[in-house]
Structure formats: structure tokens, C-alpha cells
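A quick write-up on the structure given underneath.
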Amino acid sequence: MIDFWLAAGLLLLIALSFLLIPILRGRRAQREEDRTALNVALYQERVAELQVQQDEGVLNAAQLDTGRAEAARELLADTEGVEKTRESRLGKPLPFLAAFLVPVLGVALYLHYGASDKVELTREFSQPPVSMEDMTQRLERAAAAQPDSAEGLYFLGRAYMAQDRSADAAKVFERTVALAGRQPELLGQWAQAQYFADNKQWSPKVQALTDEALKLDPKEVTSLGLLGIAAFEGQRYQEAIDYWNRLLAQLPPEDNSRAALQGGIDRAAEKLKENGGTVAPQKAAMKVRVDLSADVKAKALPTDSVFIFARAVSGPPAPLAAKRVTVAELPITVELGDADAMMPQLKLSNFPEVQLVARISRAGVPTAGEWIGRSQPLASSTTAVQQLTIDSPDK
């Protein structure tokens with residue numbers, strides 16, 4: 001901030017120079033005017049003396065004319081080079097008053113309308129935080145300075161969650177969704193914060209948020225983890241195992257959270273057995289290789305979303321298992337199984353016959369798109385890799 005104020009002060013001095021320099025020049029002009037008036041007075045006095053000398057008979061007419069000419073030459077020599085006096089209608093006090101008000105008003109207007117807080121925040125964020133509280137305070141000031149920044153609000157919400165301030169986090173994530181749109185990840189974070197803010201009480205609001213998130217992205221990890229936690233807390237251990245298995249399938253092999261997640265699955269299985277239940281075996285997934293026809297390949301964009309799912313031939317229209325990729329990843333082979341179930345009661349293994357579908361949606365909507373590919377009805381126990389080509393307009 002010191003560098004900023006030094007630069008601002010230099011600019012103010014330059015601005016003041018445009019006011020003060022004309023005033024100083026005016027003083028110099030006044031001195032020149034005073035000297036000219038004195039020379040004129042001396043000239044008139046000299047001419048009067050010459051006239052007196054002629055009246056007394058000391059000088060004749062020719063000598064009088066010669067004296068007058070000499071006095072006129074001296075006057076011209078003294079006043080030569082003097083600029084014409086500039087008249088000012090402002091007067092002297094007003095420029096000095098303006099010179100005082102320019103820096104005062106400049107500083108006042110900057111402090112009111114300027115961005116000194118953002119300059120200070122930029123300086124702060126260039127230094128590493130000393131604690132989590134320090135980072136949270138910085139993020140709070142950043143959110144206050146830029147209330148329309150969805151990214152700043154998102155990180156503030158995550159910081160609140162790290163400090164067990166779930167109620168504050170829920171409010172911040174709600175604002176983030178209002179700014180950035182109903183993105184699956186943001187909906188999942190909002191649902192999680194709301195669940196803990198409600199003292200781990202499942203509510204219709206949390207259910208609606210997780211349903212919406214998984215509808216947009218069946219692999220949304222926060223929602224899957226949260227549903228597993230809620231099922232475990234509600235002693236619905238098989239549901240918890242199913243959700244956490246779906247989450248486990250999304251994590252890369254090197255992810256450090258895999259061990260903790262597997263521990264949760266094992267504890268849920270133990271609880272289920274203690275209550276006299278048995279863990280439902282994980283069914284082998286159906287494998288499908290998805291590609292594009294030449295015509296669709298020429299029209300689709302690499303960033304277009306591709307939804308690959310299985311749905312019951314005789315049953316509800318909702319997908320039983322689904323995955324999302326992009327056109328750039330095609331051709332690709334994926335597995336669809338119970339771990340990818342959209343809802344625990346709608347598992348692939350619960351229906352004897354299914355149809356495989358792959359849809360390209362430029363808008364990222366799984367229920368409607370531009371092109372589609374469908375398979376013939378298949379037994380859900382099919383183990384051979386199925387080839388699926390997206391080749392038809394989605395009508």
C-alpha cells in the first residue's frame with residue numbers, strides 16, 4: 001500500500017503543478033507591470049523637466065525635441081520584452097483554494113469509490129496464511145469486496161466446512177449456486193453443509209439437492225458420500241454400502257481417501273451382519289464399448305457430454321445405471337453395474353432385461369440431446385462386451 005500511496009501522491013503533485021505554475025507566472029507578470037509603470041513615470045518627469053528648462057530659456061525648441069526623443073528611447077529600452085499583462089477574472093484566492101481541494105477531494109473520492117480494499121487483499125493473498133482462521137478472514141473480506149464472485153464464495157464455503165461452521169457454509173453455498181448456476185458439485189456441497197447444519201437430520205431439502213445433483217451427474221462424489229453417511233446413520237447399512245461402493249468406483253487408485261472409504265464399507269457390512277442381515281454381493285457389471293458413426297463424428301464437438309446408461313425394458317423409465325464422459329474420450333469402454341445405480345431400489349440386477357443407451361447432449365442434459373445410440377434388449381447378466389454406436393438423431 002505504501003507504493004500505491006507514493007504513486008498517488010506523485011500524480012497529485014503533477015495535478016497541482018497545473019494550478020500553481022500559472023499563479024507563479026502571474027506574480028512575475030505583476031512585477032514586470034510594476035517596473036513598466038515606474039519607467040513611464042520617470043519618462044513623464046524627465047519630459048516635464050525639459051519643458052521647464054525651455055520655459056526658462058535654457059533650452060531651445062530643437063534641444064527640447066532632442067531631449068524628448070532621448071527619454072522616449074530610454075523608455076522603450078526599459079520596457080522592451082515585457083509581455084502584455086494578463087487579466088485574471090478568478091482572483092488569487094480561488095486558485096490556491098483549488099490547489100488545496102484537489103488532493104483532499106481526490107483522496108476522499110478514492111476512499112469512497114476506489115478499490116483500496118481490493119489492493120490490500122491482493123497484497124495479503126500474496127503472503128501465505130498463518131492459520132486456517134487467517135485464511136477464512138481473508139476469504140470473508142474477499143467475498144465482501146467481490147460479492148458477485150462465485151469462486152470466492154465457493155472457497156469461503158469450503159473454509160467454513162473445515163472449521164465446522166456448517167450453517168454458515170450452507171448459506172454461502174446457496175449464494176454460490178444462485179451466482180454460478182445449479183452445477184452438480186455445488187449442489188452436493190450445499191446438501192452436505194445443510195445436512196450437518198441440521199444436526200445430521202435428513203430433510204426433504206437435502207434429499208432434493210442430492211437427487212438433483214445425481215440426476216445431472218450420477219458420479220457426483222459429495223452427494224454419493226453424503227447419502228452413504230445418511231444411510232449409515234439411519235442404520236440402512238446395505239444402502240450405505242451401495243452408495244459408498246459407487247463412490248469408491250469413481251476414485252482413482254492412488255486416492256488417499258480410498259482406505260477410509262473402504263473402512264466405512266467394512267463397518268457397514270459388520271453392522272448389517274450383527275443385525276442378522278447379509279451383504280448383497282456386488283454383481284458383475286455389464287461392459288459396453290461406445291463409439292460414433294462417421295456422420296456424427298463430423299458434427300459433434302469434443303466437449304459435448306455423452307451419457308451412457310442402462311434402463312429396464314419392462315420397468316420404470318429412469319436409468320438403472322449411468323456414467324458420463326465426453327466426445328473427446330470416445331471410443332471408450334465402460335462398466336455399468338449396481339455400483340452405478342441412480343437409486344438403491346433401482347439396481348441393474350433387479351431387472352432381467354435391459355437396454356443400453358448412449359446419448360450426446362451439448363447442453364449436458366441426460367434426458368435430451370442431439371444424437372443417440374440404442375442396443376437391442378439384453379439380459380442384465382450379460383458378461384460379453386457390447387458394442388454401441390451413436391448414429392441417429394435424438395428425437
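From the list ARG324, ARG311, which residue is farther than 18 Å from ASP391 by Cβ, at pLDDT 90 or above, within 38 Å of the chain's Cα centre (by Cα) and assigned to a strand (DSSP E or B)? Quick ask: steps written out before the conclusion?
On the way: ARG311 fails: within 38 Å of the chain's Cα centre (by Cα).
One residue alone meets the criteria, ARG324.
Being under 10 Å from ALA310 (Cβ atoms) and not β-branched (Val, Ile, Thr) is the filter here, so list the residues in region 354-385 that pass it.
Across region 354-385, the qualifying residues are GLN355, LEU356, SER375, LEU378, SER380.
Residues that are more than 30 Å from GLN238 (Cβ to Cβ) and not β-branched (Val, Ile, Thr): does region 335-351 have at least one? Even if it seems obvious, please write down each step before you answer.
Let us first name the residues in region 335-351 that are more than 30 Å from GLN238 (Cβ to Cβ), namely none.
Within region 335-351 (the criterion being more than 30 Å from GLN238 (Cβ to Cβ) and not β-branched (Val, Ile, Thr)), the answer is no, since none of the residues qualifies.
Return only the number of the condition from (1) buried (at least 18 other Cβ atoms within 10 Å of the Cβ); (2) closer than 22 Å to LEU227 by Cβ that GLY373 does not satisfy.
Unmet for GLY373, out of (1) buried (at least 18 other Cβ atoms within 10 Å of the Cβ); (2) closer than 22 Å to LEU227 by Cβ: (2).
To keep it simple, each residue is scored yes or no on (1) polar (S, T, N, Q); (2) closer than 24 Å to GLN183 by Cα; (3) within 36 Å of the chain's Cα centre (by Cα).
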site	(1), (2), (3)
LEU348	no, no, no
ARG359	no, yes, yes
ILE372	no, yes, yes
LEU378	no, no, no
GLN387	yes, no, no
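If we keep just the residues of region 354-395 that are among the hydroxyl-bearing types (Ser, Thr, Tyr) and part of a loop (DSSP other than H, G, I, E, B), which is farthest from PRO317 (Cα to Cα)?
Looking at residues that are among the hydroxyl-bearing types (Ser, Thr, Tyr) and part of a loop (DSSP other than H, G, I, E, B), I get THR383.
The values are calculated or read from the model by the stated rules, or taken from the named source; none is laboratory data. As the structure is a prediction and not an experimental result, all values here were calculated from the model. All Cβ positions, glycine included, derive from the backbone under ideal geometry; neighbour counts span all protein chains shown.
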